[in-house]
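Undergrad: Let me begin by handing over the structure; questions about it come next.
What follows draws every value from the coordinates through simple rules; no lab data is involved. Everything numeric here is computed off the predicted structure, so don't read it as measured data. Cβ: placed from backbone, ideal geometry, glycine included. Neighbour counts: every protein chain shown.
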2 protein chains.
Amino acid sequence: MSDVFLQHMNLQNNLLLRAAKGEQVERTPVWVMRQAGRVLPEYRATRARAGSFITLVRTPELACEVTLQPVDILGVDAAIIFSDILVIPEAMGLPYEMDEGKGPRFPNTIKTKEDLARLSTTEIEGKLNYVAEALKLTKQELNGRVPLIGFAGAPFTLFCYMIEGQGSKEFAKARRMMRENPELAHALLSAISDATISYLKMQIASGADLIQLFDSWAGVLGPDSYREFSLPYINRILSAIPEVPRTVFAKGAWYAIEDFANSPCETIGLDWTIQPELARKWAGAKTVQGNLDPSVLYGDFASIKKATREMLQKFGTQKHIANLGHGVYPDISPDNLKCFIDNIKEYPNEK
Amino acid sequence: MSDVFLQHMNLQNNLLLRAAKGEQVERTPVWVMRQAGRVLPEYRATRARAGSFITLVRTPELACEVTLQPVDILGVDAAIIFSDILVIPEAMGLPYEMDEGKGPRFPNTIKTKEDLARLSTTEIEGKLNYVAEALKLTKQELNGRVPLIGFAGAPFTLFCYMIEGQGSKEFAKARRMMRENPELAHALLSAISDATISYLKMQIASGADLIQLFDSWAGVLGPDSYREFSLPYINRILSAIPEVPRTVFAKGAWYAIEDFANSPCETIGLDWTIQPELARKWAGAKTVQGNLDPSVLYGDFASIKKATREMLQKFGTQKHIANLGHGVYPDISPDNLKCFIDNIKEYPNEK
């Protein structure tokens, strides 16, 4: 029995891991994408002390502090390490800046095979040691209360940023390279995958109990492109980390859910456009995660309760991890977020 | 027999209208969203003469000129009047500016019921008379060569702009209003629908042979919200214009295709994420339109030909209007766009 598996057994609340593995649970576990973030005043205070987003990411004590906040304040069933998917491009040699309110920006992007040749896929662990330290510290501070989720961006999503240099509605530059120079695109996607595997192995060694891959820009691909430029790299990464339960969340890629049903993952994340019944049909035997429309949390408690319960009813009590269908919006009231979480935790008692 | 129907009969090429109505066609008709636009150097020349995008929209002779360009240069089976979906908010009292390279921006937005009360839904025809003039002029210049498509934005998409003031990834402000103040949201959506009906009736009276509604931001809603905040208004508009074939294109709203199968429209537009087989299943007896991934046109002629033929094969020869799955990207070579169009027109001869 591996150390990681023993770790799972030692958790006081291992609902998330049991649900991920398809084991019987007493109630549906819940956590929230972006639960450690701007929605909490406590986060904004720590962020202000850090001075910048990137300093917050790079300082293990501060990253640990904001990772723990939602566990203490909101009562979620898992912590997710506070970090950023863009630390991988950075560790590969493409630094980024975070423009407040505007999102990330890469001063340099990949345009040619010479640009690619300058990237590195080695010594990722050393360059991202601050993430390992943050995980270890958080693991210690959590003291077995709830599992700790590690994560990375899916290669296609990181590829988009590395070509485009910033967020975009359609990522036309990235998709142009896929068509004009597919060899270069595949070489870059492969390099990102290698770096990500090293990174995730380090996260697991540092205490991550479950890994989630975020393919945030999956929705700009169609089924054929997804099968060529995203899915193979996701599957390569997932295959390399069989030690822990694995979740893949590809926003907008409803068309890939049937593919993920055959991927080496335990859980499929769902955005809010996907009807639970259809998700169940497409996801087969896998656990599903999601998928309340984050904008529901702008409503009053009664409407949040109604929508949350409808979601729970449609997914059923097993093989489901409750979450929003995307990250919580920063201008949501923490009380409304807590209303969502509480309704999930109270659900079985009132049925 | 109505005048409009006689107009259809008098067209030299009425493939589009016959395909829309589910009648037998000799070959699949083709047109391209944003065919009149930046992809053509001839457009850029006219645009430069106009001085600004908004002047181009408002000057019938210039709008007519760019509407005809793709018919002459690319050989498409339909013209679509050059205009902008945002002329409706403007005619209602919310003017917009077009920042070159950044998209539209509304200096004033709707925040309260007082803001809504200041909007007008009357005299739309008078305020948008320049569109009627552009349609009449284009109809005359086309001289029956191909049908002329009119269009409008779907109410939800216009609502997004009127609340948010500009494009956005998630339109959180608009979705916030839907949750916090659904009465105000519905009142605004209803007002937009009324204005749109007057506008489209005017377009039909001025020569539009087919009407397409663009719900460009549909993808940020989920199935339940779509059925509450978008679909009823789309259906209200479609019901009001039974004189011509009607197309609804809701980008990202794959989950609504089964609903559109019961809408008062003839054709359902498809974005490029939707597999043809699934679209056929969901669309029932309706004609479908689309849906090549626009990024395919970044590739070489051989790859464009291959993808185009695969698409045609999957949709079959009837009840299909070929198009891209979204507007053509401005940096696509006109030769590559023509390669797509030619391959569709040549398809049946080589089978």
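Undergrad: Across peptide B:168-176, how many C-beta atoms of other chains are within 10 Å of each residue C-beta, on average?
TA: Across B:168-176, the average partner-chain Cβ count within 10 Å equals 4.
Undergrad: Here's a follow-up. If you filter the stretch A:23-127 for trypsin sites (Lys or Arg not before Pro), then keep DSSP loop positions with at most 10 other Cβ within 10 Å, what is left?
TA: A:K102
Undergrad: Between B:K102 and A:R309, what is the FRET efficiency for a Förster distance of 51 Å, r being their Cβ-Cβ separation, to the nearest 0.05?
TA: Efficiency at R0 = 51 Å is approximately 0.75.
Undergrad: Have a look at the DSSP beta bridges in the protein assembly as shown and tell me what percent are antiparallel, nearest 5.
TA: Antiparallel bridges: around 15 percent, rounded to the nearest 5.
Undergrad: Once both axes come from the Cα atoms, what is the angle between helix A:41-50 and the longest principal axis of chain A, in degrees from 0 to 90, rounded to 10?
TA: In chain A, helix A:41-50 runs at an angle near 30 degrees to the longest axis.
Undergrad: From the convex hull of the Cα coordinates of the stretch B:233-351, what is the mean projected area in square nanometres?
TA: The directionally averaged projection comes out at 7.9 nm².
Undergrad: Still on this structure, I have one more. Mind putting a number on the dipole of the stretch B:3-350 about its Cα centre? Charges go on the C-beta only, +1 for Lys and Arg and -1 for Asp and Glu, and I need it in Debye to the nearest 20.
TA: 320
Undergrad: Does the stretch A:14-63 come out rounded, prolate or oblate, given a ≥ b ≥ c as the square roots of the eigenvalues of its C-alpha gyration tensor, rounded meaning a/c under 1.5 and, failing that, prolate meaning a/b above b/c?
TA: prolate
Undergrad: A follow-up question, please. Given the Cα-Cα distance of B:S120 and B:F53 and 0.36 nm per residue of separation, how much length would full extension add, in nm?
TA: So the extension gain works out to 21.7 nm.
Undergrad: Right, here's the next one. Roughly what % of DSSP beta bridges within the stretch B:3-350 run antiparallel, to the nearest 5?
TA: 15
Undergrad: Give me the number: length gained by fully extending B:N10 to B:E141, i.e. 0.36 nm times residue separation minus the C-alpha to C-alpha distance, one decimal in nm.
TA: Roughly 45.7 nm would be gained on extension.
Undergrad: Express the relative contact order of the stretch A:180-272 as a whole percentage, based on alpha carbon pairs under 8 Å and six or more residues apart in sequence.
TA: 31
Undergrad: So what are the protein assembly as shown's ellipsoid semi-axes, whole angstrom, largest first, if each one is the square root of 5 times an eigenvalue of the alpha-carbon gyration tensor?
TA: Equivalent ellipsoid semi-axes, largest first: 45, 28, 24 Å.
Undergrad: Rank B:L210, B:L184, B:P107 by how far each Cα sits towards the positive end of the charge dipole of the stretch B:3-350 (+1 on Lys, Arg Cβ; -1 on Asp, Glu Cβ) and give me just the farthest.
TA: B:L184
Undergrad: If you don't mind, another one. How many angstrom lie between the Cα centre of the stretch A:49-109 and the Cα centre of the stretch B:272-351?
TA: When both Cα centres are located, 42 Å separates them.
Undergrad: For chain B, set up a Gaussian network in which alpha carbons nearer than 10 Å are linked by springs, and say which option among B:L17, B:L68, B:L128 fluctuates the most.
TA: Most flexible of the set in this elastic network: B:L128.
Undergrad: Can you compute the modelled spin-label distance between B:N129 and A:D224, with each label point 7 Å from Cα toward Cβ, in nm?
TA: 4.9
Undergrad: Further, regarding this structure: Run the helix sum for the protein assembly as shown: -39,500 (n - 2.57) per DSSP H stretch of 4+ residues, divided by residue count, reported at 222 nm to the nearest 500 deg cm²/dmol.
TA: Calculated at 222 nm, the ellipticity per residue is -14500 deg cm²/dmol.
Undergrad: At each listed q (0.28, 0.29, 0.35 Å⁻¹), what is the log10 of I(q)/I(0) that the Debye formula gives for the stretch A:36-76 modelled as equal alpha-carbon point scatterers?
TA: -0.93, -0.98, -1.27
Undergrad: Let me ask something else about it. Over the stretch A:245-314, what portion of Cα pair distances is larger than 15 Å, expressed as a whole percent?
TA: I get 51 percent for the Cα pairs in the stretch A:245-314 exceeding 15 Å.
Undergrad: Another question about this same structure. Using a Förster radius of 60 Å, what is the FRET efficiency between A:A240 and B:S239 based on their Cβ-Cβ separation? Nearest 0.05, please.
TA: Efficiency, from the Cβ-Cβ distance: 0.60.
Undergrad: What angle do you read, to the nearest 10 degrees and between 0 and 90, between the alpha-carbon axis of helix B:60-73 and the longest principal axis of chain B?
TA: The helix B:60-73 is inclined about 30 degrees to chain B.
Undergrad: Can you give the angle from 0 to 90° between the axis of helix B:301-315 and the longest principal axis of chain B, with both taken from C-alpha atoms, to the nearest 10?
TA: 80
Undergrad: Still on this model: Got a sec? Charge dipole of the stretch B:231-319, +1 on Cβ for Lys and Arg, -1 for Asp and Glu; which of B:G290, B:G269, B:F301 is way out at the positive end?
TA: B:F301
Undergrad: Express the relative contact order of chain A as a whole percentage, based on alpha carbon pairs under 8 Å and six or more residues apart in sequence.
TA: Worked out over chain A, it gives 22 percent.
Undergrad: By the scheme Lys and Arg +1, Asp and Glu -1, what is the net charge of all other residues having a beta-carbon under 11 Å from that of B:L74?
TA: In short, -3.
Undergrad: Taking R0 as 56 Å, what FRET efficiency do you get between A:Q318 and A:K113 from their Cβ-Cβ distance, rounded to the nearest 0.05?
TA: The value I calculate is 0.70.
Undergrad: Quick check: pseudo-label points 7 Å beyond the Cα along Cα→Cβ at B:N262 and B:H186, how many nm apart are they?
TA: 1.9
Undergrad: How big, in percent, is the set of alpha carbon pairs in chain B lying more than 28 Å apart?
TA: 40
Undergrad: How big is the charge dipole of the stretch B:128-198 about its Cα centre, in debye rounded to the nearest 20, if each Lys and Arg gets +1 on its Cβ and each Asp and Glu gets -1 on its Cβ?
TA: Here the stretch B:128-198 has a charge dipole of around 200 debye.
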